[in-house]
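Engineer: Sharing a structure below in structure tokens format, with a few things to ask.
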Amino acid sequence: MSQEKPIQLGVTPPISTEPSTEREIKLTNDLLETLKSYGLFESEQEAQKRVVVLGKLDKLVKEFVYKVSKMKGFPDSLAREAGGKIFTYGSYRLGVHGAGADIDTLCVFPKHVEREHFFTIMYDMLKERPEVTEISAVPDAYVPVIKMHFSGIPIDFICARLAVARVPDDLELADNNILKNLDERCVRSLNGSRVTDDILRLVPNVATFRIALRTIKLWAKCKAIYSNVMGFLGGVAWAMLIARICQLYPNACAASIVNRFFLIMYQWKWPQPVLLRPLEDGPLQVRVWNPKLYPADRSHRMPIITPAYPSMCATHNVTESTRKIMIQEFKNGIDIASNIILGSGQWSDLFVKSDFFQQFKHYLQITSSSYASETQLMWSGLVEAKLRQLVLKLETVDMIELAHPYVKGFDKAHYCLNDQEVEDVMKGGLLNERSISVEEGGLEVDHIESLKANGIIKEEEKESIKKVYTTTFYIGLEIIKPKPGTENEVGGGRKLNLIGPIQDFQKLLPSELTSSKKTTTAVATTASQKRKNEEQEQDERSNTKKIKTNDESEHTTDLK
């Protein structure tokens, strides 16, 4: 009797279908315990809280659709039947979310409800809820989104308008025909959920996939390479890479998948794309990723292609610098994982944090600032969304070998006593004890009373306090070394001129926000010949060279 041919998942046959050894299975159990020690698994209480929040959101969506329907003159019965539904996607849907992680949520509504309604009426409905804090809308983003905290849980809330008269509770998104007559933004929003579901369908063992993906997500965060907006990879891209390794080794356990991940990704012949299944043609007139047809697709440096039709590149944000950084981390991962497999290392070795703030001699510091916490949430998000363009501009500077953006900004609230202090903090300065680091979700907290109680602010100074909120981003600059024997190499001075990239970056920001320092400002600062560390804030003012936006001569720094 002939042996049954194994089912192939992916665009090529498996490299090996051999099962894992007892040693590898033990290492997987050790890995699982290590992940638990990092607090990656939420409690049952938190899991239930998420279910409650999603239930409230689903109810709110139905109320939103009803409200718009009535506004458009629908009779009450039809307005009720119009429906509305939410879907989850991303890490929560994949089953790899950690304690405190956000929930990526999609709101689907019928054709008579428009996207503008979502960012006005729905936004206002959310804002009125006492459970909702830290709410901000980015309607012009590549995937338009409302960001918020709902009962303390971070939510990324996106929307899609379907070409149907009603959205019933049993609606599914798998059928490609659901994309008919939709604009590109709605297709992108829907595909978040469709891609997540396809990934789960295309892996041979979901439990193994989840453990391996949790491992690589933690590793990527520790190495500061987990951020789509900054030009690295986001959660979906990392998930697709792990899914591809699972396809190549369908019977391997999680420890084996992680070990092979580093070697295969380091040796991958970029820009050869990573595909979970063959590209699919569909009946719709929509663009599918195709580097033979589209010059923009040919420019992708690390293409990882989504499996759901229409297939798109999830990694179009990757720059030459971020590609080099990730490949180097893959190389480092090979050695660490090999030692773990051989027994001379432990899983915690994989999760040693990045030394970004000790890695470079030169940093570009970008500070966004506002007088109101709500404004700052929006403004810092806009600045963050444009930072990748600044990295691309920096890569064109002759003396810069590599521009390494840090994956997140640092929020602070400053309690200023005069206009000079306001100007200083807007340019990246600190006020020692009156500049307070703010954790995510804490921008709205007022620290004046605690500052007064600790003797930092006097009672008579309270009324004159001007509160300024800042978010600071950093880009590490690796400078090309001068050639041996040249004047620069033996002691002559060189100047790094950043006038062009900084001015081009500032032009990308909304002019109505950058024109007045009364509400917002973004200032670039070069920190030279120092070891930058956010935890050593007291040294920032003395170690940082300020760059004034109105003086081009100060957009340079000496290199010695």
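Engineer: Go through segment 47-57 and give me each residue that's surrounded by fewer than 17 Cβ atoms within 10 Å (Cβ to Cβ) and either in contact with a helix residue (DSSP H, G or I) (Cβ under 6 Å, 6 or more places away or on another chain) or not aliphatic (A, V, I, L, M) (or both).
Structural biologist: Gln48, Lys49, Gly55, Lys56
Engineer: What pairs come out if I take residues in segment 308-328 that are farther than 26 Å from Ile400 by Cβ and pair them with residues that are assigned to a helix (DSSP H, G or I) and of a type in the set (Lys, Arg) whose C-beta lies under 9 Å away, six or more apart or interchain?
Structural biologist: From residues that are farther than 26 Å from Ile400 by Cβ, the pairs are Ala308/Arg194; Tyr309/Arg194; Met312/Arg188.
Engineer: Hey, another quick one. Mind telling me which of the residues Leu190, Leu171, Leu182, Leu200 ends up being surrounded by fewer than 18 Cβ atoms within 10 Å (Cβ to Cβ), touching a strand residue (DSSP E or B) at 6+ places or on another chain (Cβ under 9 Å) and either touching a residue at least 40 places away in the same chain (Cβ under 8 Å) or farther than 30 Å from Leu32 by Cα (or both)? Outline the logic, then answer.
Structural biologist: Working: Leu190 fails: surrounded by fewer than 18 Cβ atoms within 10 Å (Cβ to Cβ); Leu182 fails: surrounded by fewer than 18 Cβ atoms within 10 Å (Cβ to Cβ); Leu200 fails: touching a strand residue (DSSP E or B) at 6+ places or on another chain (Cβ under 9 Å).
None of the other options fit; the residue is Leu171.
Engineer: Still on this structure, I have one more. Could you check Asn332 against (1) more than 30 Å from Val145 (Cα to Cα); (2) part of a loop (DSSP other than H, G, I, E, B); (3) of a type in the set (S, T, N, Q) and say which number it fails?
Structural biologist: (2)
Engineer: Now a separate question. I'd like the full set of residues that are closer than 22 Å to Asp156 by Cβ and hydroxyl-bearing (Ser, Thr, Tyr), limited to segment 372-422.
Structural biologist: Ser373, Thr375, Ser380, Tyr406
Engineer: I'm trying to understand the selection: among the residues of segment 337-355, which are without any contact (Cβ under 8 Å) to a residue 60 or more places away in the chain and assigned to a helix (DSSP H, G or I)? Don't jump to the end; show me each part of the working.
Structural biologist: To start, the set of residues in segment 337-355 that are without any contact (Cβ under 8 Å) to a residue 60 or more places away in the chain comprises 339, 342-345, 349, 355.
Hits for segment 337-355 are Asn339, Leu342, Asp349.
Engineer: Residues being part of a loop (DSSP other than H, G, I, E, B), crowded, with 23+ Cβ neighbours inside 10 Å and at pLDDT below 95: count how many of those fall in segment 75-109. Before you say what the answer is, go through the steps one by one.
Structural biologist: Filtering segment 75-109 down to residues part of a loop (DSSP other than H, G, I, E, B) leaves 75, 82, 84, 95-102.
Right, trim to crowded, with 23+ Cβ neighbours inside 10 Å and you get 82, 84, 96-97.
This time we only want the ones that are at pLDDT below 95, so: 97.
Matching residues across segment 75-109 total 1.
Engineer: Check Arg277, Arg323, Arg287, Arg301 and return the single one that is at pLDDT below 95 and either under 21 Å from Val203 (Cβ atoms) or outside the structural domain of Leu190 (by TED's automatic domain parsing) (or both). Spell out the reasoning first.
Structural biologist: Values: Arg277 fails: at pLDDT below 95; Arg323 fails: at pLDDT below 95; Arg301 fails: at pLDDT below 95.
Only one candidate passes the filter, namely Arg287.
Engineer: What do you reckon, is Tyr309 within 26 Å of the chain's Cα centre (by Cα), at pLDDT below 95 and not assigned by TED's automatic domain parsing to the domain that holds Gly90? Explain how you work it out, then say what you get.
Structural biologist: Details: within 26 Å of the chain's Cα centre (by Cα): yes; at pLDDT below 95: yes; not assigned by TED's automatic domain parsing to the domain that holds Gly90: yes.
So Tyr309 passes the test.
Engineer: For Leu293, are the conditions met, namely being closer than 30 Å to Lys36 by Cα, aliphatic (A, V, I, L, M) and surrounded by fewer than 19 Cβ atoms within 10 Å (Cβ to Cβ)?
Structural biologist: Judged against the criteria, Leu293 is not a match.
Residue by residue, here is whether (1) surrounded by 15 or more Cβ atoms within 10 Å (Cβ to Cβ); (2) of a type in the set (A, V, I, L, M); (3) touching a helix residue (DSSP H, G or I) at 6+ places or on another chain (Cβ under 7 Å) holds:
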| position | (1), (2), (3) |
| --- | --- |
| Arg23 | no, no, no |
| Leu27 | yes, yes, yes |
| Glu33 | no, no, no |
| Glu42 | yes, no, no |
| Lys62 | yes, no, no |
| Met71 | no, yes, no |
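Engineer: Looking only at residues that are of a type in the set (Ser, Thr, Tyr) and within 22 Å of Asp140 (Cα to Cα) in segment 368-409, which one is surrounded by the fewest Cβ atoms within 10 Å (Cβ to Cβ)? Before the answer, list the steps.
Structural biologist: Looking only at segment 368-409, we keep the residues that are of a type in the set (Ser, Thr, Tyr), and these are 368-371, 373, 375, 380, 396, 406.
Filter once more, keeping what is within 22 Å of Asp140 (Cα to Cα): 368-370, 373, 375, 380.
Values: Ser368: 26, Ser369: 27, Ser370: 24, Ser373: 19, Thr375: 16, Ser380: 26.
My answer is Thr375.
Engineer: While we're on this one: Quick one: Arg23 ticks every box in (1) closer than 30 Å to Ala243 by Cα; (2) not in a helix (DSSP H, G or I) except a single one, so which number is it?
Structural biologist: All conditions are met except number (2).
Engineer: Still on this structure: Kindly check whether there is at least one residue in segment 121-136 that is outside any strand (DSSP E or B), under 25 Å from Leu509 (Cα atoms), modelled with pLDDT of 95 or more and assigned by TED's automatic domain parsing to the domain that holds Gly84.
Structural biologist: Within segment 121-136, the first condition is being outside any strand (DSSP E or B), and the residues that meet it are 121-131.
In the following step, the residues that additionally are under 25 Å from Leu509 (Cα atoms) were identified as 123.
In the following step, the residues that additionally are modelled with pLDDT of 95 or more were identified as 123.
Now drop any that are not assigned by TED's automatic domain parsing to the domain that holds Gly84, which leaves 123.
So far as segment 121-136 goes, yes, one or more of its residues are outside any strand (DSSP E or B), under 25 Å from Leu509 (Cα atoms), modelled with pLDDT of 95 or more and assigned by TED's automatic domain parsing to the domain that holds Gly84.
Engineer: Now for a different question. Taking segment 179-236, which residues are part of a helix (DSSP H, G or I), β-branched (Val, Ile, Thr) and farther than 27 Å from Cys107 by Cα? Even if it seems obvious, please write down each step before you answer.
Structural biologist: First, pick out the residues of segment 179-236 that are part of a helix (DSSP H, G or I): 179, 184-202, 206-222, 235-236.
Next, only the ones that are β-branched (Val, Ile, Thr) stay: 187, 195-196, 199, 206, 208, 211, 215-216, 236.
The answer is Thr208, Ile211, Thr215, Ile216.
Residue-by-condition table, conditions (1) farther than 25 Å from Ser435 by Cβ; (2) not small (Gly, Ala, Ser):
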| site | (1), (2) |
| --- | --- |
| Asn339 | yes, yes |
| Ser348 | yes, no |
| Phe351 | yes, yes |
| Gln358 | no, yes |
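Engineer: Given the options Leu171, Leu190, name the one that is under 28 Å from Ala141 (Cβ atoms), of a type in the set (A, V, I, L, M), assigned by TED's automatic domain parsing to the domain that holds Tyr142 and more than 22 Å from the chain's Cα centre (by Cα). Give the derivation first.
Structural biologist: Values: Leu190 fails: more than 22 Å from the chain's Cα centre (by Cα).
Matching residue, one of Leu171, Leu190: Leu171.
Engineer: Among the candidates Val391, Val397, single out the residue that is in contact (Cβ under 8 Å) with a residue 12 or more places away in the chain, in a helix (DSSP H, G or I) and among the β-branched types (Val, Ile, Thr).
Structural biologist: On the way: Val397 fails: in a helix (DSSP H, G or I).
Just a single option satisfies the conditions, and that option is Val391.
Engineer: Please tell me if Ala165 is in contact (Cβ under 8 Å) with a residue 40 or more places away in the chain, in contact with a His (Cβ under 9 Å, 6 or more places away or on another chain) and surrounded by fewer than 20 Cβ atoms within 10 Å (Cβ to Cβ).
Structural biologist: Details: in contact (Cβ under 8 Å) with a residue 40 or more places away in the chain: yes; in contact with a His (Cβ under 9 Å, 6 or more places away or on another chain): yes; surrounded by fewer than 20 Cβ atoms within 10 Å (Cβ to Cβ): yes.
Yes; evaluated as a whole, the condition is true for this residue.
Engineer: Can you confirm whether Gln267 is without any contact (Cβ under 8 Å) to a residue 40 or more places away in the chain and either under 30 Å from Asp30 (Cα atoms) or polar (S, T, N, Q) (or both)?
Structural biologist: Numbers: without any contact (Cβ under 8 Å) to a residue 40 or more places away in the chain: yes; either under 30 Å from Asp30 (Cα atoms) or polar (S, T, N, Q) (or both): yes.
The answer is yes for Gln267.
Engineer: Next question. Do we have Gln328 as within 16 Å of Leu263 (Cα to Cα) and surrounded by fewer than 16 Cβ atoms within 10 Å (Cβ to Cβ) here? First the steps, then the outcome.
Structural biologist: Numbers: within 16 Å of Leu263 (Cα to Cα): yes; surrounded by fewer than 16 Cβ atoms within 10 Å (Cβ to Cβ): yes.
So Gln328 passes the test.
Engineer: Now for a separate question. The conditions are (1) of a type outside the set (A, V, I, L, M, F, W, C); (2) assigned by TED's automatic domain parsing to the domain that holds Leu35; (3) modelled with pLDDT of 95 or more, and Ser151 fails exactly one of them. Which is it?
Structural biologist: (2)
The values are calculated or read from the model by the stated rules, or taken from the named source; none is laboratory data. Keep in mind the model is a prediction, meaning the values are calculated, not measured. Cβ: placed from backbone, ideal geometry, glycine included. Neighbour counts: every protein chain shown.
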